[in-house]
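The values are calculated or read from the model by the stated rules, or taken from the named source; none is laboratory data. These figures come from a predicted structure and were not determined experimentally. Methodologically, a virtual Cβ is constructed for each residue, glycine included, from the backbone with ideal geometry; neighbour enumeration extends over all protein chains shown. We work out accessible area using only protein heavy atoms, side chains counted, and drop any ligands, DNA or RNA first. Shrake-Rupley method; radii C 1.70, N 1.55, O 1.52, S 1.80 Å.
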Amino acid sequence: MIKAKNNRPNKDKQGNNTQDKEAAYNVKNGSDGMRKTTYGFKAHINVEEDGYIKRYDFTAGNVHDSQVFESLLTGQEKEAYADSAYKSQKRDESLKSKRVENRILERAYRNKPLTEKQKRKNQQISITRSIVERTFGVLKQHHGMANTRYLGIARNKARLGLMCIAHNLKRAMLLHRSSIQCT
């Protein structure tokens with residue numbers, strides 16, 4: 001989640017709402033058990049194993065992550081890693097028809113907890129999937145993605161695109177340096 005520039009419902013001098021009209025509320029249960037409400041946007045990214053961002057999308061905060069899954073695929077993937085929010089039988093069948101190895105985390109359902117085998121599989125998948133979370137952390141901490149700078153989706157999506165380019169350039173330099181030091 002990315003907070004909108006104008007995320008509080010204030011009024012201007014004419015009495016108009018100053019909130020970003022293209023943003024939306026997102027409610028999520030935090031790790032502390034408390035519900036967290038954020039008014040803003042969501043960034044969605046497709047990251048390679050070496051940390052390069054291949055595709056990105058930017059939506060209102062109320063859009064579920066699974067709704068942009070297909071648009072993030074390039075068609076060149078051999079494997080697809082994602083968290084359990086993306087899990088569905090339809091998606092499993094779609095990936096199978098495209099000959100993409102399904103590495104989406106298993107999810108527990110009411111009165112049907114995960115088996116030990118599913119838990120082990122999730123742990124193995126999480127090692128590779130953590131690259132995406134690390135990339136989000138870098139974008140938020142070093143490139144200012146925690147808050148939007150502009151009003152509207154279009155401008156903020158363009159800003160995210162520039163952040164992704166900057167991230168890929170920085171990542172390329174780091175990988176290049178490490179390859180030189182190894183030889």
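In this simple spin-label approximation, LYS119 and HIS143 carry label points 7 Å from Cα along the Cα→Cβ vector, and these lie 3.6 nm apart.
Pairs exceeding 18 Å between alpha-carbon atoms, taken from LYS28/LYS157; LYS54/LYS170; LYS21/LYS42; LYS5/LYS42; LYS87/LYS140: LYS28/LYS157; LYS87/LYS140. Length available on full extension from GLN76 to LYS98: 0.36 nm per residue minus the Cα-Cα distance, which gives 6.9 nm.
Can you give the percent of C-alpha pairs in the chain whose distance is more than 30 Å? Of the Cα pairs, 29 percent sit more than 30 Å apart.
Solvent-accessible area of the chain (1.4 angstrom probe, protein heavy atoms only): carbon and sulfur portion equals 49 percent. Here the translational diffusion coefficient of region 7-82 follows from Stokes-Einstein with Rh set to the Kirkwood radius across Cα pairs; for 20 °C and 1.002 mPa s it amounts to 144 µm²/s. Given the options ASP83, ASP65, ASP50, which has the most mean-square fluctuation in a GNM of the chain, springs set between C-alpha atoms less than 10 angstrom apart? Residue with maximal mean-square fluctuation among ASP83, ASP65, ASP50: ASP50. For the chain, the per residue solvent-accessible surface stands at 68 Å², with DNA, RNA and ligands left out and a 1.4 Å probe. Over the C-alpha trace of region 135-183, radius of gyration and Dmax come out as 13.7, 48 angstrom. Taking amide H atoms as placed 1.01 Å from N in the peptide plane, the amide H of ARG55 lies under 5 Å from those of ASN46, each 5 or more residues away in sequence or on another chain. Going by a ≥ b ≥ c, the root eigenvalues of the Cα gyration tensor, does region 92-172 fall in the rounded group (a/c under 1.5), the prolate group (a/b larger than b/c) or the oblate group? Prolate, since a/c reaches 1.5 and a/b exceeds b/c.
Spin-label model, TYR150/ARG177: points 7 Å from Cα along the beta carbon direction are separated by 3.1 nm.
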